[in-house]
1. Is there a residue being exposed (fewer than 15 other Cβ atoms within 10 Å of the Cβ), without any contact (Cβ under 8 Å) to a residue 24 or more places away in the chain, more than 23 Å from the chain's Cα centre (by Cα) and not in a helix (DSSP H, G or I) anywhere in region A:356-374?
2. How many residues, within region B:1-57, are facing chain A (nearest Cβ under 9 Å), part of a helix (DSSP H, G or I) and within 18 Å of residue B:190 (Cβ to Cβ)?
3. Determine which member of the set B:116, B:164, B:129 is within 8 Å of another protein chain (Cβ to nearest Cβ), in a helix (DSSP H, G or I), more than 30 Å from residue A:392 (Cβ to Cβ) and modelled with pLDDT of 90 or more.
4. Scan region A:478-497 for residues that are assigned to a helix (DSSP H, G or I) and surrounded by 16 or more Cβ atoms within 10 Å (Cβ to Cβ) and report the count.
5. Which ones in region B:74-85 are under 21 Å from residue A:29 (Cα atoms), in contact (Cβ under 8 Å) with a residue 12 or more places away in the chain and surrounded by fewer than 22 Cβ atoms within 10 Å (Cβ to Cβ)?
6. Take the residues in region B:132-161 that are part of a loop (DSSP other than H, G, I, E, B) and out of contact with any helix residue (DSSP H, G or I) (no Cβ under 9 Å at 6 or more places or on another chain), then tell me which one is farthest from residue B:185 (Cα to Cα).
7. Looking at region A:726-740, which of the residues that are in a loop (DSSP other than H, G, I, E, B) and surrounded by fewer than 22 Cβ atoms within 10 Å (Cβ to Cβ) is farthest from the other protein chains (Cβ to nearest Cβ)?
8. Could you check how many residues of region A:7-31 are within 23 Å of residue B:163 (Cβ to Cβ) and in a helix (DSSP H, G or I)?
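The values are calculated or read from the model by the stated rules, or taken from the named source; none is laboratory data. Note that this is a predicted model, so its numbers are computed, not measured. Heads up, the Cβs are rebuilt from the backbone with ideal geometry, glycines too, and the neighbour counts pull from every protein chain shown.
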């Protein structure tokens, strides 16, 4: 009943709880939720006042009633939530007893659910599963105690909202409303915009979305008018009573009930039927809204036709013009990526992701399937790492169902799943995942019989996929069909069938299409030419998205040209911006094809200068030339390390400042990257000068110092196992054991976290005594380092490198 | 936001910026330009947000006790009691540069660490200048001379009091600043500070906070 009302009726929600309690003299340190037990009458009074003012739905005093926030309060979640709901029911009973025709005027109780109050990984430490369990507990008790719906509110992290919504939908039968709190820049604190919020929450299956808190109705108006153009879902609007202002020492809100009503009236015109108030609002504001409901019917909502779109937590991509899906995060045929995945070298993956973004990818395909890896576990880990840095939406690519499910669940956004196909088994296993997590999916036009030769059969398979998806409740706006390219070398006469199928899928089935283009040229010379031509043809036949290497300028160039010629790039703006500097080019020379001719002796000198001056763009080429006459090892020992020592001395003497030191290091990093490539093909010894574990200790969130040390150490040829910040002692010890490490660097920036450093050292000494420990960080000094039994104190990154050098030198002498 | 940005651009300390970057002598022009352009970039990335409340306050010098808002919050610290000995009101403030800058610095550490190092230092001086601006917004002339900013962790004021201050200010809800178990803030470029009114001139020994700090070996300590 309430579920239906959320969809099609006016529902008036209540006003503030928190500010009301403060006005009642709530003491600091007293948990507002504990008052449910110690002062139940107070809540009956507050709820009843809202009912009397006309509210249809009141929210329980359970904003922070989760086990984390209640920890140490002496109250259990069960006791607090049960009592809060009981108080609300009691207020409703009193209202019904006082009201004559209450059967016509049913009142509802919403379980109010606020954020947990701790940041979720990767920004913070709380895991997905922990957050889920906390919400689940609160919601199960709420349902059992008699709530009618769940109101998840004041969320600023879309990921946390997704977790809370999943906990509600998977464990209760109650309707769910999910409301976020935005800032003046149109984003939440964690960076989510309105479009991404809608794209992600719409699919998950919440009954309504909402906006609450932060500011008044005036500032909220823009957000709501954006939202009604993007979704057909019901929207709950609960602004504050304006902006908080401190007058003398008292906080007041600057919007009167009348002004509040006037602004809400504008939103009413946009078709908003669910309204209430947040901080600073009271019965007077709710009464004003009640009058508004009587005076003014809600306007007609705009009917929105959903496009094919996917989103991360902060970026939405709508597939309405040729879209590039970057293909390079897939280990098939990529040696370096395979190595990186095996060695947990996530920095390499992040760099590859960032490079593809820079090259124009709109979405990144992600596949981590290697026989020796636990694919589901690795997929979740890589998603977390990439999403800690990149906002671009990801396409989850796996043939492992378990992997698809866990990735769709733990992806911070609306997942694009690659892929389902016409086989029964695929349809039965993949589509439920797409539905459950509100994802989008690529449908491959193949089935038990393989890839059909003709367009007709492919279109039929596409139809089947769409029909089956719709039966699961997946709208066809969430399906993208891949008509599959065949190789021209083997099936030349069928190549055009893919294109014909694309055209029919677009026109007859009205869904978007995608294609991995480069298959077409397999087995033929000059593949680029065929690929580019085929891509252009496919675009003309209606291809929406291409899975390709965005670093291939011929391919991305073909798309840019297509956008000009089909009037998609209006006034050729993007084209001119990108290619305006090119004048009648006949052939673009490869810069690597013209090596600078230099004498052998001056090449070494030149690399030295390049490092000293930090000319990072020239390092790789110079190394390449040196490799013709020198081994990788001698380049490191004879040129790079002596130069780094000189740069380090200059820094110590104050001749250069920190950015210059780092720029030299960055240059060496490029040189190393080229040297490592040479080792993969040659048979020389590894370049590693030794392995070092680095960590910022537990509870410390500052990692600048540790990051600088890492850059410098890597440039001396040390292999750094970077455990990040806020690292528990046991994780440090395990990393030492797993990698058989003899040197550990620990960093702490705050006095309060030096105790964590002490604990970490004690544990290392006990469980892995062979490791020596270097400590550093702004709050340490040599005396303190000695006191906590560190083996070395380093005042900066340069000194750490010197200590590491002598450590491994001594170790090698003793061997 | 625009007012704050204009103020920050005008008032931020380039000396501090170069000090954080370990510059011991004048840097070459190329690098000066690089620092300036990075500073502009960082200013574009910040999402400034603060919350400030003004409270009645009473110091009990014999007990080193500071009572805020008639007992809603009690702080114990000899250094802070001395610092606020002539004040009868205080402001508690939480301010941040937001999560976007934090993410970009993290990204830069992977791709271009040089930029990351400069950005980090820029963030540190911007947040200081931002706090200066906040003071201009909340303090009126009647408050007379105010004390230099004092933050938990200075002197003997334990960092743990950040939790109570954060709760009092609804810091998480109003600014997005989160405290971890050991009271450290995320985003990193965030500050909680205390200022008092009626500051007597004889207490104004220094215009920077290093003299309040007991850690003499600090790499960033200003010369005395």
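1. Residues of region A:356-374 exposed (fewer than 15 other Cβ atoms within 10 Å of the Cβ): A:358, A:371-372, A:374.
This time we only want the ones that are without any contact (Cβ under 8 Å) to a residue 24 or more places away in the chain, so: A:358, A:371, A:374.
Restricting the remaining residues to those that are more than 23 Å from the chain's Cα centre (by Cα) gives A:371.
Remaining after also requiring not in a helix (DSSP H, G or I): A:371.
Within region A:356-374 (the criterion being exposed (fewer than 15 other Cβ atoms within 10 Å of the Cβ), without any contact (Cβ under 8 Å) to a residue 24 or more places away in the chain, more than 23 Å from the chain's Cα centre (by Cα) and not in a helix (DSSP H, G or I)), the answer is yes, since at least one residue qualifies.
2. 1
3. Values: B:116 fails: more than 30 Å from residue A:392 (Cβ to Cβ); B:129 fails: within 8 Å of another protein chain (Cβ to nearest Cβ).
On inspection, the qualifying residue turns out to be B:164.
4. Restricting attention to region A:478-497, the residues satisfying the condition of being assigned to a helix (DSSP H, G or I) are A:478, A:492-497.
Okay, now just the ones that are also surrounded by 16 or more Cβ atoms within 10 Å (Cβ to Cβ), so A:478, A:494-495, A:497.
Residues meeting the conditions: 4.
5. Step one: filter region B:74-85 for residues under 21 Å from residue A:29 (Cα atoms), giving B:74-77.
Filter again for in contact (Cβ under 8 Å) with a residue 12 or more places away in the chain, leaving B:75-77.
Once the filter is applied, which keeps residues that are under 21 Å from residue A:29 (Cα atoms), in contact (Cβ under 8 Å) with a residue 12 or more places away in the chain and surrounded by fewer than 22 Cβ atoms within 10 Å (Cβ to Cβ), region B:74-85 yields B:76, B:77.
6. Step one: of region B:132-161, the residues part of a loop (DSSP other than H, G, I, E, B) are B:139-140, B:144-149, B:151, B:153, B:155-160.
Okay, now just the ones that are also out of contact with any helix residue (DSSP H, G or I) (no Cβ under 9 Å at 6 or more places or on another chain), so B:139-140, B:144.
Numbers: B:139: 25, B:140: 29, B:144: 31 Å.
Filtering region B:132-161 for residues that are part of a loop (DSSP other than H, G, I, E, B) and out of contact with any helix residue (DSSP H, G or I) (no Cβ under 9 Å at 6 or more places or on another chain), the one farthest from residue B:185 (Cα to Cα) comes out as B:144.
7. Let us first name the residues in region A:726-740 that are in a loop (DSSP other than H, G, I, E, B), namely A:726, A:728, A:740.
With the extra rule that they be surrounded by fewer than 22 Cβ atoms within 10 Å (Cβ to Cβ), the set shrinks to A:728, A:740.
On the way: A:728: 11, A:740: 26 Å.
Checking each candidate, the answer is A:740.
8. 4
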